[in-house]
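Okay, so here's the structure we're looking at.
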Amino acid sequence: MESTKHSSAEGTNEHQLNAGTTDAGTREPGTTDAGIQSITVIGGGTMGNGIVHVAAMSGFPVTLVETKQEYADRALLTIGKNLTRMVTKEKISQEQMDQTLGRIHTSLSPAEAVANTDLVIEAIPEQFELKKSLFDVIDQHAPEHTILASNTSSISITKLAACTRRPPKVIGMHFFNPVPVMKLVEVIRGLETDDAVTQAVTELAMQMGKVPVPANDSPGFVSNRVLMPMINEAIFTVYEGVATAEDVDQVMKLGMAHPMGPLRLADFIGLDVCLDILHVLYDGFRDPKYRPCPLLVKMVDAGKLGNKTGEGFYKYG
Ligand code: CAA
């Protein structure tokens, strides 16, 4: 097991968060005015490895935590491939790629990895009980000043914060897939999230080259509250035989200039994830307008989850 600690966060146990400026252009890469100098990302899946990629490329030392070394290696391989693509397209130099990879360390122990870090970003599967146990471990082992951020797309930040002894330091940092490409970070304030923490995370997102947009904790936040009903309605359109999946997608691509149609996007996100988020909206608002389409439920039951299983509304090679 490799567990690497970086030294750049030396002394940060003592420091307090400052409400920093938002002028990301004047700062040294890998630091923020609020004092974030090191980041730990827990989970190296699609979202986690993308977050590690952008954080390391912005100059931050990052520890990537996984449950098995082979998962950590797979995440590093993906990051390497995505960076190579950027070098090939002359978006970054080979030297920048090497420096980025040099800033990434891996660990199999959340407790050790958070012991000297300023910010933890959790990006593990969307199961509340799993996140609750992890937040408990992080809370016990991370220094007092450490911010705990979750990349959750639907679980309440307020509820996650309540699993810790530091609700003011818990926040949502919701990234979008593919993380190196998508500009948005939804910054979700829980009921008790401190303003200085919101400011620190906002500034950090800018330092990562992203555009932070604030939202208060509410089912689906803004992104999924708006996106999922559109995807669900697109599925109803197919279910009711109004048009084929291809034609629904063509309408939205050519008529509304969406880069992907809603059904292709649903496959890309994962139909199980879409269904979970619709359940969160339905349960959270008790409003029938979020009722998942029976076709979506049936496809998830059949294991047709989209890109990751090779079939959803489309087949993937
Ligand atoms: N890493 C780095 N670069 C990547 C990449 C990755 N993982 N994936 C794609 N790219 C780059 C490509 O190199 C390419 O770069 P250039 O413009 O310099 O050529 C660019 O992104 C476009 O990629 P492609 O040419 O391969 O393909 P495309 O033009 O069809 O774009 C796409 C692909 C960016 C995914 C585009 O289709 C798109 O924007 N789709 C919508 C994605 C979206 O809505 N994501 C949000 C999902 S919701 C979510 O994540 C959160 C949730 O809570 C559910």
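Of the residues making up segment 164-189, those that are open to solvent by 20 Å² or more (accessible area, probe 1.4 Å) and within 16 Å of the ligand (Cβ to nearest atom) are 176, 177, 178, 180, 181, 182, 183, 184.
For residue 43, the test of being within 26 Å of residue 143 (Cβ to Cβ), modelled with pLDDT under 95 and out of contact with any helix residue (DSSP H, G or I) (no Cβ under 6 Å at 6 or more places or on another chain) is failed. Scanning segment 285-303 for residues that are open to solvent by less than 50 Å² (accessible area, probe 1.4 Å) and either in contact (Cβ under 8 Å) with a residue 60 or more places away in the chain or touching a Gly at 6+ places or on another chain (Cβ under 7 Å) (or both) returns 290, 292, 293, 295, 296, 299. Against the conditions (1) closer than 18 Å to residue 126 by Cα; (2) in a loop (DSSP other than H, G, I, E, B), residue 313 satisfies every one except (1).
Within the group 65, 54, 114, which residue is hydrophobic (A, V, I, L, M, F, W, C) and touching a His at 6+ places or on another chain (Cβ under 7 Å)? Selected residue: 114, the only one of 65, 54, 114 that is hydrophobic (A, V, I, L, M, F, W, C) and touching a His at 6+ places or on another chain (Cβ under 7 Å). Condition check for residue 192 on (1) assigned to a loop (DSSP other than H, G, I, E, B); (2) crowded, with 19+ Cβ neighbours inside 10 Å: one failure, at (2). So residue 221 clears everything in (1) away from the ligand (no atom under 15 Å from the Cβ); (2) over 13 Å from the mean Cα position of the chain (by Cα) except one condition, right? Which one? Of everything listed in (1) away from the ligand (no atom under 15 Å from the Cβ); (2) over 13 Å from the mean Cα position of the chain (by Cα), residue 221 misses just condition (1).
Residues that are more than 8 Å from the ligand (Cβ to nearest atom) and open to solvent by 80 Å² or more (accessible area, probe 1.4 Å) within segment 82-91 comprise 88, 90, listed in sequence order.
Filter segment 135-144 down to the residues that are touching a residue at least 40 places away in the same chain (Cβ under 8 Å) and open to solvent by 10 Å² or more (accessible area, probe 1.4 Å) and list them by number. Selection gives 143, 144. Restricted to segment 219-284, the set of helices (runs of 4 or more DSSP H) holding at least 1 residues that are without any contact (Cβ under 8 Å) to a residue 12 or more places away in the chain and open to solvent by 70 Å² or more (accessible area, probe 1.4 Å) comprises 223-239, 245-250. What do you reckon, is residue 118 under 23 Å from residue 185 (Cβ atoms), at pLDDT 95 or above and acidic (Asp, Glu)? Taking the combined requirement at face value, the residue satisfies it. When residue 170 is tested against (1) β-branched (Val, Ile, Thr); (2) farther than 22 Å from residue 35 by Cα; (3) out of contact with any Lys or Arg (no Cβ under 7 Å at 6 or more places or on another chain), just one condition goes unmet, and that condition is (2). Which one is most open to solvent (accessible area, probe 1.4 Å), of the residues in segment 42-70 that are among the hydroxyl-bearing types (Ser, Thr, Tyr) and over 16 Å from residue 113 (Cα atoms)? My answer is 46.
If you go through segment 268-294 and keep only what is within 11 Å of the ligand (Cβ to nearest atom) and either polar (S, T, N, Q) or under 20 Å from residue 178 (Cβ atoms) (or both), you end up with 268, 269, 270, 273, 274, 277. For residue 157, work out the one condition from (1) hydrophobic (A, V, I, L, M, F, W, C); (2) buried (at least 23 other Cβ atoms within 10 Å of the Cβ); (3) more than 14 Å from the ligand (Cβ to nearest atom); (4) more than 13 Å from the chain's Cα centre (by Cα) it doesn't fulfil. Result: residue 157 fails condition (3) only.
The values are calculated or read from the model by the stated rules, or taken from the named source; none is laboratory data. What you see is a predicted model; the values in this text were computed from it and never measured. Neighbour counts are summed over all protein chains in view; Cβ atoms, including those assigned to glycine, are modelled from backbone coordinates with ideal geometry. With ligands, DNA and RNA removed, areas are computed over all heavy atoms of the protein, side chains included. Shrake-Rupley method; radii C 1.70, N 1.55, O 1.52, S 1.80 Å.
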